[in-house]
Amino acid sequence: MAPILYALAQEKEKLSQQERRIADYILSSPAEVVHMGIKELAEQCGTSPATVTRFCKVFHLKGYPDLKVKLAAEIAHTEMQDRSQSSSYQDIVANNPLSKIVEAMEANHLTSIRDTTSLLDMNRLSEAINLLCQAQRIDLYGVATSSVVALDFYQKLIRIGKNCTAFADPHMQITSASTLTDRDVAVAISYSGETEETINALACAKDSGAATITLTSYGSNTLASMADIPLFVSSLEEGMRRGDMASRIAQLHIIDILFMGMNSEQFGQYVPKLEQSYQNVRSYLKPRGGH
C-alpha cells in the first residue's frame, strides 16, 4: 500500500466520523478520487468541502489539490512496482539464508527511500533549507535510534561552520532549548512522532522563540503538529519487528537532502569550509613519523 493510503488506514480510527467516511472512500477508490472535485467527494461521503479540507490538513497536506497530486503519484508508483514485481518490506525470518537477508535489506532500504521521496514537499524542503542556512544556532534533538540520525546531521553541519549541537540526553535537550532565541532553529527527530522527551524539548524550543523543524513518519502525530515545518519519511515499515532499519535509512536520506540543499543554496560560503575541513582532517590526522 502506498504511504498516504497506509497512513489513512492506520490513522482513521483517530478521525471524526465524517473524516473517517472520507478516509474509507479514498481507501476504497483512490483512482476515482484523483479525478473528483472537492464537492463531488464531499457529496459521495455525505459531508462538506470544508470537512474535506480539514481532513487534508490532518495529514499535513496543503489542501485537496495536494491530496490528489500525491495520490496520483502514489498510484503510478505502485503500478510500476507491480509491473516490476518489486517486493514490499520484508521482516526478520528464522533461519533465513544469508543471501536472502542481503536481498531483503537491499529491498527494504530502496523501498523506504523511494516511498519517502514520494512524500517530499519541495516547498517545505526549501523553507527548511532557508531556515537552516539563516540560523545563528541549530539544536538537534533525538533519542535512541533518532539520536544517531541527529548526530549524523551534526557532523555534517559542523563541517560547514554552523553553530550546532546534537543532544540525546533529555535534560540537556531542555537546558539547551531554554536558551534558544528567535534567530535559532530546533530540529526534532522521532520516527513515531510521539517520543515524550523529544516533544518536551521541541515545546521548550518553541517557547524560547526558535523556529522548529521535525522529521517523523508520515501521518498524524504530536511532534509534526507542533512544527513550523514538518518533514516526513515513509511509515510503511511500522509493523516490522525491527522498525528502525529502513526508517533510519529514510531519515538519513532526508538529512542528506537538507545538507546538499544548504550547500547548493550557499555554495560560496559553505563549500570552501567543507573543503577546508576535509583538508585539515587529512593534514592533522595523517600518520606521523617516529615510534
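The values are calculated or read from the model by the stated rules, or taken from the named source; none is laboratory data. Please read these numbers as outputs of a predicted model, since none were measured by experiment. We place every Cβ from the backbone using ideal geometry, glycine too, and count neighbours over all the protein chains shown. Heavy atoms of the whole protein, side chains included, go into the accessibility calculation; ligands, DNA and RNA do not. Shrake-Rupley method; radii C 1.70, N 1.55, O 1.52, S 1.80 Å.
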Quiz prompt | Span from the the stretch 204-232 Cα centroid across to the the stretch 116-176 one, whole angstrom | solution = 12 Å
Quiz prompt | Rounded to the nearest 20 debye, dipole of the stretch 112-170 from Cβ charges on Lys, Arg, Asp, Glu | solution = 220 debye
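Please calculate how many Å² of accessible area the stretch 146-216 carries per residue, with a 1.4 Å probe and no DNA, RNA or ligand atoms counted.
Working: 2870 Å² over 71 residues.
Accessible area per residue: 40 Å².
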Quiz prompt | Residues whose placed amide H lies under 5 Å from that of Cys164, excluding near-sequence neighbours | solution = Ile138
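How large a share of the accessible area of the stretch 1-61, in percent, is made up of carbon and sulfur atoms when the probe is 1.4 Å and the other protein chains stay in place? Walk me through the intermediate numbers first.
Details: 1500 of 3000 Å².
Here carbon and sulfur together make up 50 percent of the probe-accessible area.
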Quiz item: Using only helices, what value at 222 nm comes out for the chain when you add -39,500 (n - 2.57) per DSSP H run of length 4 or more and divide by the total residues, to the nearest 500 deg cm²/dmol?
Solution: -19000 deg cm²/dmol
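With all protein chains present and a 1.4 Å probe, how do Leu202, Leu5, Leu131 order by accessible area, largest first?
Numbers: Leu202 0, Leu5 25, Leu131 45 Å².
Solvent-accessible surface, decreasing: Leu131, Leu5, Leu202.
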Self-check item: Cα principal axis extents for the stretch 157-280, largest first, Å
Solution: 43, 32, 23
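Return one whole number: the accessible area per residue of the stretch 22-79 in Å², for a 1.4 Å probe. Write out the running numbers ahead of the final one.
Working: 2610 Å² over 58 residues.
I get 45 Å² per residue for this part.
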Quiz item: Candidates (i) 20.2; (ii) 20.7; (iii) 18.9; which is the computed Kirkwood radius over Cα pairs in Å?
Solution: (ii)
Quiz item: What accessible surface, in Å², does a 1.4 Å probe find on Tyr154, ignoring ligands, DNA and RNA and rounding to the nearest 10?
Solution: 70 Å²
Exercise. For the pairs Lys39/Lys70; Lys68/Lys206; Lys100/Lys156; Lys14/Lys68, note any where the Cα-Cα span goes beyond 24 Å.
Key: Lys68/Lys206; Lys100/Lys156
Quiz item: What is the distance, in nm, between label points placed 7 Å from the Cα along the Cα-to-Cβ direction at Asn95 and at Val69?
Solution: 5.2 nm
Practice problem: Bin all alpha-carbon pair distances of the stretch 1-62 at 5 Å intervals from 0 and give each bin's fraction as a whole percent. | Solution: 4, 19, 33, 30, 13, 1
